[in-house]
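Each remark here refers to the structure printed beneath this line.
The values are calculated or read from the model by the stated rules, or taken from the named source; none is laboratory data. Everything numeric here is computed off the predicted structure, so don't read it as measured data. Here the Cβ positions follow ideal geometry from the backbone for every residue, glycine too, while neighbour counts run over all protein chains shown. Side chains are part of the model used for accessible areas, which takes the heavy atoms of the whole protein and leaves out ligands, DNA and RNA. Shrake-Rupley method; radii C 1.70, N 1.55, O 1.52, S 1.80 Å.
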Amino acid sequence: MTLALTLELSELAIEISREAGELAHTRRQEGVRLAATKSTLADIVTDADREVEALIRDRLRAARAEDGFLGEETGAEAGGSGITWVVDPIDGTVNYAYGIPAYNVSIAAVRGEPDPASWEVLAAVVNAPALGEIFSAALGHGAWSGGTRLAVTEETPAGALLATGFGYDPATHEGDLATVSRVMPMARDVRRMGAAALDLAYVAAGRLDGYFERGLRPWDFAAGTLLVTEAGGAVTRTDVDSARPMLIAGGRDVHARLLALLTENR
Ligand code: IPD
Ligand code: CA
(Lines give C-alpha, C1' and ligand atoms only; values in the text may rest on other atoms or scores of the structure.)
(Ligands and ions follow the chains in the order given, each with its own letter.)
Protein backbone atom coordinates (compact mmCIF):
# COMPACT_ATOMS: atom_id res chain seq x y z
CA MET A 1 0.00 0.00 0.00
CA THR A 2 1.61 3.24 -1.07
CA LEU A 3 1.59 6.41 0.94
CA ALA A 4 0.30 8.17 -2.16
CA LEU A 5 -2.84 6.02 -2.16
CA THR A 6 -3.57 6.49 1.54
CA LEU A 7 -3.16 10.26 1.10
CA GLU A 8 -5.44 10.22 -1.94
CA LEU A 9 -8.11 8.31 0.02
CA SER A 10 -7.77 10.71 2.91
CA GLU A 11 -8.10 13.77 0.64
CA LEU A 12 -11.22 12.29 -0.94
CA ALA A 13 -12.72 11.52 2.48
CA ILE A 14 -12.05 15.08 3.66
CA GLU A 15 -13.57 16.59 0.52
CA ILE A 16 -16.73 14.48 0.74
CA SER A 17 -17.02 15.10 4.49
CA ARG A 18 -17.03 18.86 3.87
CA GLU A 19 -20.08 18.61 1.63
CA ALA A 20 -21.73 16.06 3.94
CA GLY A 21 -21.00 18.17 7.02
CA GLU A 22 -22.48 21.26 5.39
CA LEU A 23 -25.61 19.33 4.49
CA ALA A 24 -25.99 17.98 8.05
CA HIS A 25 -25.44 21.46 9.48
CA THR A 26 -27.96 23.07 7.11
CA ARG A 27 -30.59 20.43 7.85
CA ARG A 28 -30.01 20.94 11.57
CA GLN A 29 -30.63 24.68 11.20
CA GLU A 30 -33.81 24.01 9.23
CA GLY A 31 -35.09 21.72 12.01
CA VAL A 32 -34.70 18.01 12.62
CA ARG A 33 -37.38 15.48 11.84
CA LEU A 34 -37.30 12.05 13.44
CA ALA A 35 -37.61 9.40 10.72
CA ALA A 36 -37.73 6.21 12.83
CA THR A 37 -36.49 4.41 15.90
CA LYS A 38 -34.14 1.46 15.49
CA SER A 39 -32.90 -1.03 18.10
CA THR A 40 -34.68 0.70 21.02
CA LEU A 41 -36.86 3.82 21.49
CA ALA A 42 -33.72 5.80 22.34
CA ASP A 43 -31.95 4.71 19.12
CA ILE A 44 -33.18 7.23 16.58
CA VAL A 45 -32.59 8.05 12.94
CA THR A 46 -33.48 11.39 11.37
CA ASP A 47 -34.20 12.27 7.75
CA ALA A 48 -30.81 14.01 7.73
CA ASP A 49 -28.93 10.79 8.66
CA ARG A 50 -30.39 9.14 5.57
CA GLU A 51 -29.89 12.11 3.27
CA VAL A 52 -26.28 12.61 4.35
CA GLU A 53 -25.44 8.92 3.90
CA ALA A 54 -27.01 8.98 0.40
CA LEU A 55 -24.85 11.96 -0.52
CA ILE A 56 -21.64 10.31 0.75
CA ARG A 57 -22.49 7.07 -1.04
CA ASP A 58 -23.14 8.91 -4.33
CA ARG A 59 -19.90 10.87 -4.15
CA LEU A 60 -17.87 7.73 -3.36
CA ARG A 61 -19.52 5.80 -6.16
CA ALA A 62 -18.69 8.60 -8.61
CA ALA A 63 -15.05 8.81 -7.49
CA ARG A 64 -14.23 5.15 -6.80
CA ALA A 65 -16.83 2.84 -8.33
CA GLU A 66 -14.90 -0.35 -7.50
CA ASP A 67 -14.80 0.17 -3.73
CA GLY A 68 -17.18 -1.45 -1.26
CA PHE A 69 -19.42 0.44 1.16
CA LEU A 70 -20.61 -0.13 4.73
CA GLY A 71 -22.90 2.56 6.10
CA GLU A 72 -24.96 2.78 9.27
CA GLU A 73 -28.20 3.62 7.50
CA THR A 74 -27.97 1.68 4.23
CA GLY A 75 -25.80 -1.32 5.07
CA ALA A 76 -23.14 -3.12 3.07
CA GLU A 77 -22.29 -3.42 -0.59
CA ALA A 78 -19.26 -5.49 -1.60
CA GLY A 79 -16.69 -4.01 -3.98
CA GLY A 80 -13.93 -5.41 -6.14
CA SER A 81 -10.96 -3.20 -5.20
CA GLY A 82 -10.23 -4.59 -1.70
CA ILE A 83 -11.11 -1.20 -0.19
CA THR A 84 -14.36 -0.51 1.69
CA TRP A 85 -15.67 2.81 2.90
CA VAL A 86 -17.11 2.64 6.41
CA VAL A 87 -19.45 5.55 7.03
CA ASP A 88 -21.47 7.02 9.86
CA PRO A 89 -23.31 9.93 8.25
CA ILE A 90 -24.14 11.47 11.62
CA ASP A 91 -22.39 10.12 14.69
CA GLY A 92 -23.97 11.65 17.77
CA THR A 93 -27.50 11.59 16.39
CA VAL A 94 -29.08 12.18 19.78
CA ASN A 95 -26.93 15.32 20.22
CA TYR A 96 -27.97 16.32 16.71
CA ALA A 97 -31.65 15.86 17.50
CA TYR A 98 -31.34 17.88 20.73
CA GLY A 99 -29.32 20.70 19.12
CA ILE A 100 -26.05 19.88 20.90
CA PRO A 101 -23.18 20.66 18.48
CA ALA A 102 -21.13 17.54 19.30
CA TYR A 103 -22.04 15.50 16.24
CA ASN A 104 -19.90 14.55 13.27
CA VAL A 105 -19.65 12.91 9.88
CA SER A 106 -17.29 9.93 10.13
CA ILE A 107 -15.73 8.34 7.03
CA ALA A 108 -13.00 5.67 6.88
CA ALA A 109 -11.41 3.70 4.05
CA VAL A 110 -10.41 0.20 5.16
CA ARG A 111 -8.47 -2.53 3.38
CA GLY A 112 -9.40 -6.21 3.67
CA GLU A 113 -12.67 -7.71 4.78
CA PRO A 114 -15.04 -5.00 6.08
CA ASP A 115 -14.72 -6.56 9.52
CA PRO A 116 -12.99 -4.68 12.35
CA ALA A 117 -11.40 -7.94 13.56
CA SER A 118 -9.14 -8.01 10.50
CA TRP A 119 -9.37 -4.78 8.52
CA GLU A 120 -6.61 -2.21 8.21
CA VAL A 121 -7.80 1.39 8.30
CA LEU A 122 -6.04 3.39 5.58
CA ALA A 123 -7.65 6.80 5.79
CA ALA A 124 -10.08 8.56 8.10
CA VAL A 125 -11.95 11.78 8.65
CA VAL A 126 -14.13 12.96 11.52
CA ASN A 127 -15.78 16.23 10.56
CA ALA A 128 -17.75 18.10 13.23
CA PRO A 129 -19.40 20.91 11.24
CA ALA A 130 -21.12 22.66 14.13
CA LEU A 131 -17.80 22.78 15.98
CA GLY A 132 -15.92 23.88 12.85
CA GLU A 133 -13.33 21.12 13.23
CA ILE A 134 -12.06 18.43 10.87
CA PHE A 135 -9.80 15.64 12.15
CA SER A 136 -8.14 13.45 9.53
CA ALA A 137 -5.50 10.76 9.19
CA ALA A 138 -3.78 8.69 6.54
CA LEU A 139 -1.96 5.50 7.52
CA GLY A 140 1.73 6.32 7.97
CA HIS A 141 1.15 10.03 7.57
CA GLY A 142 -0.05 11.11 11.03
CA ALA A 143 -3.32 12.58 12.30
CA TRP A 144 -4.11 16.22 11.65
CA SER A 145 -6.56 19.00 12.35
CA GLY A 146 -6.40 22.43 10.75
CA GLY A 147 -2.72 22.06 9.84
CA THR A 148 -1.75 20.89 13.34
CA ARG A 149 -0.33 17.41 13.84
CA LEU A 150 -2.20 15.61 16.59
CA ALA A 151 -0.50 13.82 19.47
CA VAL A 152 -2.03 11.86 22.33
CA THR A 153 -1.31 12.84 25.92
CA GLU A 154 -0.05 10.69 28.71
CA GLU A 155 -1.47 10.57 32.18
CA THR A 156 -0.51 13.24 34.68
CA PRO A 157 -0.27 12.74 38.45
CA ALA A 158 -3.78 14.24 38.67
CA GLY A 159 -5.14 11.14 36.94
CA ALA A 160 -6.55 10.54 33.47
CA LEU A 161 -9.39 12.51 31.89
CA LEU A 162 -11.53 9.72 30.47
CA ALA A 163 -14.62 9.52 28.29
CA THR A 164 -17.14 6.77 27.82
CA GLY A 165 -20.59 6.16 26.42
CA PHE A 166 -23.70 4.13 27.15
CA GLY A 167 -25.65 2.09 24.65
CA TYR A 168 -29.25 2.71 23.69
CA ASP A 169 -30.58 -0.32 25.58
CA PRO A 170 -31.53 0.63 29.16
CA ALA A 171 -30.89 -2.99 30.21
CA THR A 172 -27.15 -2.45 29.71
CA HIS A 173 -26.82 0.77 31.71
CA GLU A 174 -26.24 -0.85 35.09
CA GLY A 175 -23.37 -2.98 33.78
CA ASP A 176 -21.83 0.00 32.00
CA LEU A 177 -21.99 2.05 35.19
CA ALA A 178 -20.21 -0.78 37.03
CA THR A 179 -17.50 -0.55 34.35
CA VAL A 180 -17.17 3.17 34.99
CA SER A 181 -16.71 2.56 38.70
CA ARG A 182 -13.89 0.11 37.91
CA VAL A 183 -11.82 2.78 36.18
CA MET A 184 -12.60 5.65 38.57
CA PRO A 185 -9.47 5.02 40.67
CA MET A 186 -7.30 6.14 37.72
CA ALA A 187 -9.55 9.01 36.57
CA ARG A 188 -9.36 12.70 37.33
CA ASP A 189 -12.87 12.90 35.83
CA VAL A 190 -15.14 11.30 33.22
CA ARG A 191 -16.87 12.90 30.23
CA ARG A 192 -19.86 11.58 28.26
CA MET A 193 -20.10 13.71 25.13
CA GLY A 194 -22.41 11.55 23.02
CA ALA A 195 -20.42 10.88 19.85
CA ALA A 196 -17.93 8.02 19.79
CA ALA A 197 -15.98 9.25 16.76
CA LEU A 198 -15.51 12.62 18.42
CA ASP A 199 -14.39 10.94 21.66
CA LEU A 200 -11.69 9.15 19.66
CA ALA A 201 -10.74 12.35 17.79
CA TYR A 202 -10.36 14.09 21.16
CA VAL A 203 -8.10 11.29 22.43
CA ALA A 204 -5.98 11.81 19.30
CA ALA A 205 -5.93 15.57 19.90
CA GLY A 206 -4.85 15.17 23.54
CA ARG A 207 -8.13 16.61 24.83
CA LEU A 208 -8.93 13.33 26.54
CA ASP A 209 -6.40 10.89 28.00
CA GLY A 210 -8.47 7.78 27.34
CA TYR A 211 -11.81 6.42 26.18
CA PHE A 212 -13.67 3.14 26.55
CA GLU A 213 -17.11 1.98 25.50
CA ARG A 214 -18.99 -1.26 25.00
CA GLY A 215 -21.28 -2.13 22.12
CA LEU A 216 -20.00 0.24 19.42
CA ARG A 217 -20.72 -0.60 15.80
CA PRO A 218 -17.97 -0.59 13.13
CA TRP A 219 -18.95 2.84 11.70
CA ASP A 220 -18.79 4.40 15.17
CA PHE A 221 -15.07 3.74 15.53
CA ALA A 222 -13.49 2.92 12.12
CA ALA A 223 -12.27 6.47 11.45
CA GLY A 224 -11.57 7.39 15.06
CA THR A 225 -9.25 4.47 15.70
CA LEU A 226 -6.86 5.56 12.91
CA LEU A 227 -6.83 9.08 14.35
CA VAL A 228 -5.70 7.67 17.70
CA THR A 229 -3.02 5.32 16.38
CA GLU A 230 -1.64 7.92 13.96
CA ALA A 231 -1.47 10.35 16.90
CA GLY A 232 0.76 7.86 18.74
CA GLY A 233 -1.89 6.16 20.85
CA ALA A 234 -3.16 2.61 21.15
CA VAL A 235 -6.56 1.02 20.55
CA THR A 236 -7.75 -2.46 21.58
CA ARG A 237 -11.07 -4.24 21.18
CA THR A 238 -11.82 -6.92 23.76
CA ASP A 239 -14.67 -9.42 24.14
CA VAL A 240 -15.01 -9.40 20.35
CA ASP A 241 -17.14 -12.54 20.37
CA SER A 242 -19.65 -11.08 22.81
CA ALA A 243 -22.75 -9.07 21.89
CA ARG A 244 -21.07 -5.91 23.16
CA PRO A 245 -17.32 -5.82 22.50
CA MET A 246 -15.32 -3.22 24.43
CA LEU A 247 -13.22 -0.58 22.67
CA ILE A 248 -10.36 0.92 24.67
CA ALA A 249 -8.26 3.84 23.38
CA GLY A 250 -5.68 6.20 24.82
CA GLY A 251 -2.10 7.22 25.09
CA ARG A 252 0.03 4.07 25.49
CA ASP A 253 0.24 4.11 29.30
CA VAL A 254 -3.37 5.12 29.85
CA HIS A 255 -4.50 2.49 27.34
CA ALA A 256 -2.46 -0.19 29.14
CA ARG A 257 -3.91 0.78 32.53
CA LEU A 258 -7.47 0.85 31.19
CA LEU A 259 -6.96 -2.51 29.53
CA ALA A 260 -5.67 -4.03 32.77
CA LEU A 261 -8.53 -2.61 34.86
CA LEU A 262 -11.22 -3.57 32.38
CA THR A 263 -10.03 -7.10 31.74
CA GLU A 264 -9.02 -8.18 35.23
CA ASN A 265 -11.24 -10.83 36.81
CA ARG A 266 -12.91 -10.02 40.05
C1 IPD B 1 -23.69 6.62 18.98
C2 IPD B 1 -22.76 7.62 19.58
C3 IPD B 1 -22.72 7.48 21.08
C4 IPD B 1 -22.38 6.08 21.51
C5 IPD B 1 -23.32 5.09 20.87
C6 IPD B 1 -23.31 5.24 19.36
P7 IPD B 1 -24.94 7.30 16.72
O8 IPD B 1 -23.69 6.70 17.56
O9 IPD B 1 -21.46 7.45 19.05
O10 IPD B 1 -21.74 8.34 21.67
O11 IPD B 1 -22.46 6.00 22.91
O12 IPD B 1 -22.90 3.80 21.23
O13 IPD B 1 -24.20 4.32 18.79
O14 IPD B 1 -26.12 6.40 16.99
O15 IPD B 1 -25.17 8.67 17.23
O16 IPD B 1 -24.45 7.25 15.34
CA1 CA C 1 -25.08 7.47 13.27
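Worth a mention:
- Scope segment 83-99; condition within 16 Å of ligand 2 (Cβ to nearest atom), open to solvent by less than 40 Å² (accessible area, probe 1.4 Å) and of a type outside the set (D, E, K, R); matching residues: TRP85, VAL86, VAL87, PRO89, ILE90, GLY92, THR93, ASN95, TYR96, ALA97
- All of ALA151, ALA204, ALA260, ALA256 fail the test of being open to solvent by less than 30 Å² (accessible area, probe 1.4 Å) and at pLDDT 95 or above, apart from ALA204.
- Of the residues making up segment 210-253, those that are of a type in the set (Asp, Glu), under 17 Å from VAL121 (Cβ atoms) and at pLDDT below 95 number 0.
- Evaluation of THR2 against (1) modelled with pLDDT of 95 or more; (2) open to solvent by 70 Å² or more (accessible area, probe 1.4 Å) (one fails), failing number: (1)
Listed here are the residues, each with its yes/no results for (1) within 21 Å of GLY250 (Cβ to Cβ); (2) not small (Gly, Ala, Ser).
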{"site": "VAL94", "(1), (2)": "no, yes"}
{"site": "ALA108", "(1), (2)": "yes, no"}
{"site": "ALA137", "(1), (2)": "yes, no"}
{"site": "THR148", "(1), (2)": "yes, yes"}
{"site": "GLY165", "(1), (2)": "yes, no"}
{"site": "ARG182", "(1), (2)": "yes, yes"}
{"site": "ARG188", "(1), (2)": "yes, yes"}
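- Picking from residues in segment 164-195 that are among the hydroxyl-bearing types (Ser, Thr, Tyr) and within 11 Å of ligand 1 (Cβ to nearest atom), the one that is least open to solvent (accessible area, probe 1.4 Å) is THR164.
- Test result for ASP43, modelled with pLDDT under 95 and open to solvent by less than 70 Å² (accessible area, probe 1.4 Å): yes
- Members of segment 51-82 found to be in contact (Cβ under 8 Å) with a residue 60 or more places away in the chain and either open to solvent by less than 10 Å² (accessible area, probe 1.4 Å) or among the hydroxyl-bearing types (Ser, Thr, Tyr) (or both), listed by number: GLY71
- Total residues in segment 201-217, condition within 15 Å of ligand 1 (Cβ to nearest atom) and touching a strand residue (DSSP E or B) at 6+ places or on another chain (Cβ under 6 Å): 8
- Scanning segment 162-173 for residues that are away from ligand 2 (no atom under 16 Å from the Cβ), more than 17 Å from ALA231 (Cβ to Cβ) and modelled with pLDDT of 95 or more returns THR164, HIS173.
- First in segment 103-122 and over 11 Å from THR225 (Cα atoms), second anywhere and aromatic (Phe, Trp, Tyr), Cβ under 6 Å, 6 or more apart: TYR103/TYR96; ALA109/TRP85; VAL110/TRP119; GLY112/TRP119
- Some residue of segment 16-35 being over 18 Å from LEU131 (Cα atoms), under 19 Å from the mean Cα position of the chain (by Cα) and either open to solvent by 40 Å² or more (accessible area, probe 1.4 Å) or more than 15 Å from ligand 1 (Cβ to nearest atom) (or both): no
- Flag if LEU198 is open to solvent by less than 20 Å² (accessible area, probe 1.4 Å) and within 16 Å of ligand 2 (Cβ to nearest atom): yes
- Scan segment 13-27 for residues that are in contact with a Pro (Cβ under 8 Å, 6 or more places away or on another chain) and either of a type in the set (A, V, I, L, M, F, W, C) or not assigned by TED's automatic domain parsing to the domain that holds LEU139 (or both) and the total you get is 2.
- When ALA109 is tested against the conditions (1) more than 16 Å from ligand 1 (Cβ to nearest atom); (2) open to solvent by 50 Å² or more (accessible area, probe 1.4 Å), the lone failure is (2).
- On inspection, THR6 qualifies as of a type outside the set (Asp, Glu), over 19 Å from ALA76 (Cβ atoms) and in contact (Cβ under 8 Å) with a residue 60 or more places away in the chain.
- Once segment 225-246 is narrowed to residues that are of a type in the set (A, V, I, L, M) and loosely packed, with under 14 Cβ neighbours inside 10 Å, the residue that is nearest to GLY167 (Cα to Cα) is ALA243.
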